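Some notes on the structure that comes next.
The values are calculated or read from the model by the stated rules, or taken from the named source; none is laboratory data. A quick note: this is a predicted structure, and the numbers were derived from the prediction, not measured. In this analysis, Cβ positions are derived from the backbone assuming ideal geometry, glycine residues included, and neighbour counts consider all displayed protein chains.
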Amino acid sequence: MKAVTFTGTRQVRVADVAEPKVQEPHEAIVRINTAAICGSDLHLYHGRLTGVEPGTIIGHEYVGIVEEVGSQVSSIRPGDRVVGSFHTACGHCWYCRQKLYSQCVHCCLFGCGTRFGNLPGTQAELARIPHADFTLHPVPDDLSDEQALFAGDILSTAYFCAERGNIQPGDTVAVVGCGPVGLCVIQCAKVFGAARVIALDMVPARLQMAKDLGADPVDVGENPIKAVKALTGNRGADVVLEAVGSEATLKLAFQLARGFGTISAAGVFTEEALPFPAGRSFAKDLTLRVGMANVPAQFHAVLELLRAGRIDPTMLITHTLSLNEAPYGYDLFDRKEAVKVILKV
Ligand SMILES: [Zn+2]
Ligand SMILES: [Zn+2]
């Protein structure tokens, strides 16, 4: 079968690889129809993720049709159209029983190499899905593949970020970063009751998309702290949602939050440690929350919000390519010439 593999820094290729088989009774094989390139795929594309060997099948956003299930799989059947979480969850460990699936003791990430369970990725014709009952979720008939795909990663990440921001009705929420996740965060902040969303980025096209979603755009190149203060009675934002995952954006988040404000960070931080403004956080009574989306716990809410039209991430799709064109898609996305690249398999 064909699959997208990492071959070296800024190099991916579509290779012929062996088809996966069910290895454990809790697994399923999914024939992928629609995949996508995620911002976190760029971490490994840039060679920043250790443990990703050349030849690793990459990708973790996917919708497809169940081809085969192991004997223990009970909630999905061959022929079902499913969306998958970017991380697996066993459903049985202590964390999974508390529905804290992203901390599953058997948690693996698709296509992220040996540090994350060495699980082949899903930018491929077929993918092997461990713990299929919890990792996969049926797609309602009235949602397209493209809509549902977002529930498996970036929209659930955005929802998780906004939920943990403790947004109160009427709040002013600053969203740092208007990439694909940030644009989803803007929509989720409104679901949780934000009266006003201030969107910060430096790319004009992204700021325009944020504006189209009803946010107040602020160019971070033009004194963003002053701009946010001007919009918030000189206090700062009630809630800051960070959607990039860099030292600079986290630092800005601390500067934008008002006293007693909450910062919720959804960006993937690859650094071991970042400077933490301990004195400022103490003096301002700040709350900081960081973490990886708990996707299986959120599938239902996110899919229902999609069905109701309360959120619509398909406006982010700028390119729909074939799986064979994946190297071109990675290059476009890396150069920020694409917002969201979909791969039709
Ligand atoms: Zn991702
Ligand atoms: Zn578990």
- Note on the structure: In segment 108-129, anything crowded, with 22+ Cβ neighbours inside 10 Å and within 15 Å of ligand 2 (Cβ to nearest atom) is listed as L119, I129
- Task: Give just the number: which of (1) away from ligand 2 (no atom under 11 Å from the Cβ); (2) in contact with a strand residue (DSSP E or B) (Cβ under 7 Å, 6 or more places away or on another chain) does S144 not satisfy?
- Result: (2)
- Query: Looking at (1) polar (S, T, N, Q); (2) exposed (fewer than 14 other Cβ atoms within 10 Å of the Cβ); (3) touching a helix residue (DSSP H, G or I) at 6+ places or on another chain (Cβ under 8 Å), can you tell me which one Q98 breaks?
  - Reply: (3)
- Flagged pairs (Cβ under 7 angstrom, 6 or more apart or on separate chains; first in segment 87-105, part of a loop (DSSP other than H, G, I, E, B); second more than 8 Å from ligand 2 (Cβ to nearest atom) and among the charged types (D, E, K, R)) are G91/D133
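In contact with a strand residue (DSSP E or B) (Cβ under 7 Å, 6 or more places away or on another chain) and closer than 25 Å to G179 by Cβ: which single residue out of G47, G8, G84, G39 fits that description?
Values: G47 fails: in contact with a strand residue (DSSP E or B) (Cβ under 7 Å, 6 or more places away or on another chain); G8 fails: in contact with a strand residue (DSSP E or B) (Cβ under 7 Å, 6 or more places away or on another chain); G39 fails: in contact with a strand residue (DSSP E or B) (Cβ under 7 Å, 6 or more places away or on another chain).
Only one candidate passes the filter, namely G84.
Just to be sure, is D201 touching a strand residue (DSSP E or B) at 6+ places or on another chain (Cβ under 8 Å), surrounded by 23 or more Cβ atoms within 10 Å (Cβ to Cβ) and either among the charged types (D, E, K, R) or at pLDDT below 95 (or both)? Reasoning before the result, please.
Details: touching a strand residue (DSSP E or B) at 6+ places or on another chain (Cβ under 8 Å): yes; surrounded by 23 or more Cβ atoms within 10 Å (Cβ to Cβ): yes; either among the charged types (D, E, K, R) or at pLDDT below 95 (or both): yes.
Spelling it out, D201 is indeed touching a strand residue (DSSP E or B) at 6+ places or on another chain (Cβ under 8 Å), surrounded by 23 or more Cβ atoms within 10 Å (Cβ to Cβ) and either among the charged types (D, E, K, R) or at pLDDT below 95 (or both).
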- Of those in segment 180-198 that are surrounded by fewer than 24 Cβ atoms within 10 Å (Cβ to Cβ) and small (G, A, S), the residue nearest to L155 (Cα to Cα) is G193
- Taking G177 and the conditions (1) at positive phi; (2) surrounded by fewer than 15 Cβ atoms within 10 Å (Cβ to Cβ), which numbered condition does it fall short on, given that it satisfies the others? (2)
- Item | Breaking point among (1) touching a Leu at 6+ places or on another chain (Cβ under 7 Å); (2) among the acidic types (D, E); (3) at pLDDT below 95, for E222 | (1)
- Message: When you scan segment 224-233, do you find a residue that is on the phi > 0 side of the Ramachandran plot and among the hydrophobic types (A, V, I, L, M, F, W, C), even just one?
- Response: no
- Message: Is it the case, given these coordinates, that R206 is assigned to a strand (DSSP E or B), more than 14 Å from V83 (Cβ to Cβ) and more than 16 Å from ligand 1 (Cβ to nearest atom)?
- Response: no
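Within segment 126-160, track down each residue that is part of a loop (DSSP other than H, G, I, E, B) and closer than 18 Å to L109 by Cα. Lay out the reasoning, then the answer.
Within segment 126-160, the first condition is being part of a loop (DSSP other than H, G, I, E, B), and the residues that meet it are 130-131, 139-144, 153.
Selection gives P130, H131, D153.
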- Please work out which residue is nearest to ligand 2 (Cβ to nearest atom), limiting yourself to segment 50-64 and to residues that are buried (at least 17 other Cβ atoms within 10 Å of the Cβ) and assigned to a loop (DSSP other than H, G, I, E, B). H60
- Query: Take the residues of segment 231-285 that are among the acidic types (D, E) and within 16 Å of A194 (Cα to Cα): which is surrounded by the most Cβ atoms within 10 Å (Cβ to Cβ)?
  - Reply: E242
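Matching residues to (1) part of a loop (DSSP other than H, G, I, E, B); (2) within 23 Å of the chain's Cα centre (by Cα); (3) free of Cβ contacts under 8 Å to residues at least 40 places away in the same chain:
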site: T7; (1), (2), (3): no, no, no
site: A18; (1), (2), (3): yes, no, yes
site: K21; (1), (2), (3): yes, no, no
site: H26; (1), (2), (3): yes, no, no
site: I29; (1), (2), (3): no, yes, no
site: T34; (1), (2), (3): no, yes, no
site: D41; (1), (2), (3): no, yes, no
site: L44; (1), (2), (3): no, yes, no
site: R48; (1), (2), (3): yes, yes, no
- Taking the residues in segment 65-91 that are within 15 Å of E24 (Cβ to Cβ) and more than 24 Å from the chain's Cα centre (by Cα) as candidates, determine which candidate is surrounded by the most Cβ atoms within 10 Å (Cβ to Cβ). V69
